[in-house]
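All remarks here apply to the structure that follows.
The values are calculated or read from the model by the stated rules, or taken from the named source; none is laboratory data. All values reported here derive from a predicted model rather than from experimental measurement. In this analysis, Cβ positions are derived from the backbone assuming ideal geometry, glycine residues included, and neighbour counts consider all displayed protein chains.
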Amino acid sequence: MGLEEGLKKLKLKKPLVVFDLETTGVQVGTDRIVEIAMIKVSPDGSVVRKPEKAGKEHRILVNPEMAIPLESSLVHGVYDEDVKQKHTFGEIAPGLVKFLDGCDLGGFNSNRFDVPMLAEEFLRVGVDFGLEGRNLIDVQNIFHKMEQRTLKAAYKFYCDKELEGAHEAYPDTAATLEILVSQLEKYENTSISDSRGEQVGPVPADMDELHKFCQRTNNVDLAGRLIYDDDGVIIFNFGKHKGVSAVELLKKDPGYFGWMMKGDFPRYTKRVLEQIKDGTLK
């Protein structure tokens with residue numbers, strides 16, 4: 001099935017913009033965008049590309065107003081010399097806002113990185129780019145959910161054995177332990193670079209470290225500074241107030257709000273904090 005035919009299967013109620021960013025690094029609060037690519041698919045099936053053509057000669061490069069670390073340039077191929085005469089994000093922001101108006105957003109690992117980074121850049125130049133009303137489509141999450149990640153599939157992948165008696169307590173337990181041992185052996189000296197350029201691995205054998213390796217959080221903001229606990233309460237996820245209700249703390253210690261707003265936190269985190277303080281987000 002070709003792309004054009006496949007696009008007809010998308011049941012779009014509004015345009016979908018699939019995009020990718022290259023950046024100076026992976027810290028949302030401090031790093032900057034150096035390259036942008038976007039493809040807008042409208043409900044009628046029409047497609048608009050930014051840039052209009054593929055290839056390095058048709059890149060949308062952005063002057064990040066800071067030096068690009070060599071290690072980042074070696075990943076994406078954008079160097080200081082390439083961007084020094086290009087527009088800054090603030091200069092192209094009005095056009096991007098217009099292009100993204102009323103659109104859902106999609107990408108690969110976009111919910112964790114590209115969307116937070118884009119929102120941060122807009123807020124940095126004074127554009128309140130809200131995500132309210134936008135659907136966020138992360139292709140990586142679809143991949144992770146739809147590829148088999150059952151115990152039976154993991155047993156076959158890591159141990160090259162068929163799991164007999166699946167969904168019975170003891171065979172499942174024994175297989176899980178065998179998979180864990182195999183994982184520790186397989187990834188003992190293995191690390192990979194994820195789509196954000198962050199190093200993942202090796203998988204630690206120490207249980208305290210392995211516990212941290214396995215954790216996932218339910219973010220309220222895009223950087224994970226504020227998360228929902230198991231009861232759906234928004235709590236701080238860092239510092240001396242980690243685990244404390246954000247609503248209650250801001251009532252008891254309004255100075256903490258001021259400290260965060262003046263601190264080196266992502267702008268989107270501050271935006272969420274303001275919403276918590278004024279009661280629009282609970």
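Annotations
- Checked against (1) more than 18 Å from Leu131 (Cα to Cα); (2) within 22 Å of the chain's Cα centre (by Cα), Lys262 passes all but condition (2).
- With respect to (1) surrounded by 12 or more Cβ atoms within 10 Å (Cβ to Cβ); (2) under 26 Å from Thr269 (Cα atoms); (3) under 23 Å from the mean Cα position of the chain (by Cα); (4) without any contact (Cβ under 8 Å) to a residue 40 or more places away in the chain, the lone exception for Asp101 is condition (1).
- Filtering Gly107, Gly77 for residues that are surrounded by fewer than 16 Cβ atoms within 10 Å (Cβ to Cβ) and within 21 Å of Gln27 (Cβ to Cβ) leaves a single hit, Gly77.
- Selected residue [touching a Lys or Arg at 6+ places or on another chain (Cβ under 6 Å) and touching a residue at least 60 places away in the same chain (Cβ under 8 Å)] from Leu123, Leu61: Leu123
- Filter result for the condition that a residue is loosely packed, with under 12 Cβ neighbours inside 10 Å, assigned by TED's automatic domain parsing to the domain that holds Glu121 and over 22 Å from the mean Cα position of the chain (by Cα), over Lys86, Lys13: Lys13
- Comparison of Pro94, Pro51, Pro15 shows that the only residue that is closer than 30 Å to Asp264 by Cβ and not basic (Lys, Arg) is Pro94.
- For Glu5, the criteria (1) touching a strand residue (DSSP E or B) at 6+ places or on another chain (Cβ under 8 Å); (2) loosely packed, with under 12 Cβ neighbours inside 10 Å; (3) of a type outside the set (Lys, Arg) hold in every case but one, which is (1).
- Considering the stretch 173-198, and only residues there that are modelled with pLDDT of 75 or more and among the hydroxyl-bearing types (Ser, Thr, Tyr), the residue that is farthest from Arg112 (Cα to Cα) turns out to be Ser182.
- Condition met for Leu118 (among the aliphatic types (A, V, I, L, M), without any contact (Cβ under 8 Å) to a residue 40 or more places away in the chain and part of a helix (DSSP H, G or I)): no
- Against the criterion of being within 22 Å of Phe113 (Cβ to Cβ) and over 25 Å from the mean Cα position of the chain (by Cα), Asp31 does not qualify.
- The residue that is nearest to Asp221 (Cα to Cα), counting only those in the stretch 114-133 that are surrounded by 14 or more Cβ atoms within 10 Å (Cβ to Cβ) and modelled with pLDDT under 90, is Leu131.
- Answer residue from the stretch 49-73, given it is surrounded by fewer than 11 Cβ atoms within 10 Å (Cβ to Cβ) and modelled with pLDDT under 85 and is nearest to Met38 (Cα to Cα) among those: Glu52
- Filter result for Leu180 (more than 18 Å from Thr24 (Cβ to Cβ) and in a helix (DSSP H, G or I)): yes
- Here Ile227 does not qualify as β-branched (Val, Ile, Thr), assigned to a strand (DSSP E or B), at pLDDT 85 or above and over 30 Å from Ile33 (Cβ atoms).
- Hits in the stretch 1-49 (condition: of a type in the set (Asp, Glu) and over 16 Å from Phe89 (Cα atoms)): Glu4, Glu5, Asp44
- Here Tyr170 fulfils each of the conditions (1) more than 23 Å from Arg49 (Cβ to Cβ); (2) in a helix (DSSP H, G or I); (3) at pLDDT 85 or above; (4) not aliphatic (A, V, I, L, M) apart from (3).
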